[in-house]
1. As a check on your grasp of the helix formula, calculate [θ] at 222 nm for the chain: sum -39500 (n - 2.57) over DSSP H runs of n ≥ 4, divide by the residue count, round to the nearest 500.
2. More than 22 angstrom separation, counting every C-alpha pair in the chain; what % is that?
3. Once the Cβ-Cβ distance between residue 99 and residue 43 is put in as r, and R0 is 41 Å, what FRET efficiency do you end up with, to the nearest 0.05?
4. What residue among 17, 29, 48 shows peak mean-square fluctuation when the chain is described by a Gaussian network model with Cα springs under 10 Å?
5. For the Cα atoms of the chain, what angle does the longest principal axis make with the long axis of helix 2-13, in degrees from 0 to 90, nearest 10?
6. Please compute the length gained on full extension between residue 84 and residue 51, using 0.36 nm multiplied by the number of residues separating them and subtracting their Cα-Cα distance.
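Bear in mind that the values in this text are calculations on the coordinates, not laboratory data. Bear in mind the structure is a predicted one, so any value in this text is a computation, not a measurement. Note that we place each Cβ from the backbone using ideal geometry, even for glycine, and neighbour counts take in every protein chain shown.
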């Protein structure tokens, strides 16, 4: 019982400090918009921005490739040979397969 009275005496003496500590605890960790949650959201926003940049650069590269295919018939032939293993008459196509563990 003596310790409890000592604790309440301390709280009464430093009530403003205790209120500030409780407030910082609630705002810092428990609240929906706490500093902890905001930090994790900022990290997620950074990851999403990097993903957007990746897809944007991929889009630009594929758009340039599409324009080249629309304007250059030799590019169409080159893509057909590389991706779809198409060939001209009297040609042979050799495909070299690599081990999947080496590609990664």
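1. Counting only the DSSP helices, I get -24000 deg cm²/dmol.
2. Distances greater than 22 Å cover 71 percent of the Cα pairs.
3. That gives a FRET efficiency of 0.70.
4. The residue with the greatest mean-square fluctuation here is 17.
5. Tilt relative to the chain: about 80 degrees.
6. 9.0 nm
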